[in-house]
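Visitor: Below: one structure in structure tokens.
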Amino acid sequence: MRASDSMRFPDADAAVRAIGAPRPEGAVDVLLVNPPAPDGGIWIRSQHRVGRRSRENMIWAQVSLAQLAALLQPDYTVAVVDAIAERMPWPRFEKILRERQPRYYVTQVTGPTLQNDMYGCFVAHSLGAKTIAFGTHVTPMARGTMEPYPALDFILRGEPELTLRELVDALEGRTIADERMAKLFRATDPGWQPLNNVARGGNNEPSADLRQVLSRIKGLVWRRDGDIVVNEDRPLIPDLDALPLPRHELLPLDKYRMPMLKGPYSFVVTSRGCPAGCTFCIKHVTYGY
């Protein structure tokens, strides 16, 4: 018998997992990102505009990320990285991921930048983060995105704000305690119930397992035993004024530029969607008509 026939290679995975790595100072719960561009140029990623390279060199203010941050704070520590505005190359972006060690990595995704955007998910996933995508590509093509990119854990279809908050709470074993937030959920979906209530039986039984909880989150796409599950759609938010004010201060406001304006700019989103039916426009994909 050859010596190699009885040899067993060492397996250190369990020992390494047991040691664990301490989270560095500056680590955050949720990192909201507009990832680097495929070619180092200025690209537009937005729920309001099609994903494309900016012909006019307009750097689009990421107010959607600021709005998501407002739904998470102060219960979670949140940071925003707008790599487009910062003209950030991938090596610097990867360094930030290692420094921030996010537990949840939330990225905006478009069709023209898909493979590039999924690289960010791959790096974040390798560092232990749960990866979450939203945007005008993943809303209509949820399965078509999840299947070829296993590093992507979740998709938020349609308006992402409430789905993201409910997902993070579910993964953290928390529930919506703030009455203003609960009112917003009920106004959007009159049948909504906090996840801890949904997950309990009639005799105050212990919470059901996480998969049962995830199955009740409207607008969510997730993985269950190797299958991709597309949950029921979440209704549109009827009153945008009910949303908390976007956390604009988390954005690199001094970096945003647009033609014919001197100096930085930002904007306020007063409405969503569009009543027109232009075949070339994506605004209605996530926000309706």
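Visitor: Say a site is exposed when it is one of the GluC sites (Glu not before Pro), sits in a DSSP loop, and has at most 11 other Cβ atoms within 10 Å; what is then the longest site-free stretch of the chain?
Guide: Counting only loop sites that pass the neighbour cut-off, the longest clear stretch is 57-289.
Visitor: Based on C-alpha coordinates, I'd like the Rg and Dmax of the stretch 246-289, in Å.
Guide: Final numbers for Rg and Dmax: 14.2, 35 Å.
Visitor: Compute all pairwise cysteine Cβ distances in the chain, then list the cysteines with no distance under 4.7 Å to another cysteine.
Guide: Isolated Cys, the chain: Cys121, Cys274.
Visitor: So in the stretch 17-172, what percent of DSSP beta bridges are antiparallel if you round to the nearest 5?
Guide: Here the antiparallel bridges make up roughly 10 percent for the stretch 17-172.
Visitor: Let me ask something else about it. Which whole-Hz couplings ³J(HN,Hα) result when phi for each residue of the stretch 184-191 is put into the Karplus expression 6.51 cos²θ - 1.76 cosθ + 1.60, θ = phi - 60°, listed in order with x for Gly and Pro?
Guide: Values, residue by residue: 5, 4, 5, 5, 6, 9, x, x Hz.
Visitor: Given the C-alpha atoms of the chain, compute the convex hull and give its volume per residue in Å³.
Guide: Measuring per residue, one finds 187 Å³ for the Cα hull of the chain.
Visitor: Same structure, new question: By the scheme Lys and Arg +1, Asp and Glu -1, what is the net charge of all other residues having a beta-carbon under 12 Å from that of Asp233?
Guide: Computed value for this residue: 0.
Visitor: Express the C-alpha Rg of the stretch 125-197 as a ratio against the empirical globular expectation 2.2 N^0.38 Å, rounded to two decimals.
Guide: Taking N as the residue count of the stretch 125-197, the ratio is 1.24.
Visitor: Taking amide H positions as placed in the peptide plane 1.01 Å from N, state which residues far from Ala133 in sequence (5 or more) or on other chains have amide H under 5 Å from it.
Guide: Thr107, Phe154, Ile155, Leu156
Visitor: Among DSSP beta bridges lying fully in the chain, give the percent that are antiparallel, nearest 5.
Guide: If I count the DSSP bridges inside the chain, around 30 percent turn out antiparallel.
Visitor: Once fully extended, how much extra length lies between Tyr289 and Gln212, figured as 0.36 nm per residue of separation less the alpha-carbon to alpha-carbon distance?
Guide: Contour length minus Cα-Cα distance gives 24.5 nm.
Visitor: Using amide H atoms built in the peptide plane, which far-off residues or other-chain residues are under 5 Å from Thr113 H to H?
Guide: Answer set, sorted by chain and number: none.
Visitor: Once fully extended, how much extra length lies between Thr270 and Ala12, figured as 0.36 nm per residue of separation less the alpha-carbon to alpha-carbon distance?
Guide: Stretched fully, the Thr270-Ala12 segment lengthens by 87.5 nm.
Visitor: Let me know the volume per residue of the alpha-carbon convex hull for the stretch 6-99, in Å³.
Guide: 174
Visitor: In whole Hz, with x marking every Gly and Pro, tabulate ³J(HN,Hα) for the stretch 133-145 from phi via Karplus 6.51 cos²θ - 1.76 cosθ + 1.60, θ = phi - 60°.
Guide: 10, 9, x, 6, 8, 6, 5, x, 10, 5, 5, x, 9
Visitor: With a 10 Å radius around each residue's Cβ, average the other Cβ atoms per peptide and rank 64-77, 260-273, highest first.
Guide: In decreasing order of mean packing, 64-77, 260-273 become 64-77, 260-273.
Visitor: So what is the calculated 222 nm ellipticity per residue for the chain, using -39500 (n - 2.57) for each DSSP H run with n of 4 or more, over all residues, to the nearest 500 deg cm²/dmol?
Guide: Value at 222 nm, helices only, nearest 500: -7500 deg cm²/dmol.
Visitor: Oh, and also: What is the set of long-range amide H partners of Arg52 at a cut-off below 5 Å, with H atoms built 1.01 Å from backbone N?
Guide: Ile44
Visitor: Right, something else. Kindly write out, for the stretch 78-95 in residue order, the coupling ³J(HN,Hα) from the Karplus curve 6.51 cos²θ - 1.76 cosθ + 1.60 (θ = phi - 60°), rounded to whole Hz, with x marking Gly and Pro.
Guide: 9, 9, 10, 10, 9, 5, 5, 5, 7, 6, 8, x, 4, x, 5, 4, 5, 4
Visitor: Mind counting lysine pairs for me in the chain? Cα separation below 24 Å, and the two need to be 8 or more apart along the chain or on different chains.
Guide: 5
Visitor: Taking the Cα centre of the stretch 29-77 as the origin and placing charges on Cβ (Lys, Arg +1; Asp, Glu -1), which of Thr77, Val30, Ile59 is farthest toward the positive end of the dipole?
Guide: Ile59
Just so you know, all these numbers are worked out from the coordinates, no wet-lab data involved. Here the structure is a predicted model, which is why all the values come from computation and not from measurement. In this analysis, Cβ positions are derived from the backbone assuming ideal geometry, glycine residues included, and neighbour counts consider all displayed protein chains.
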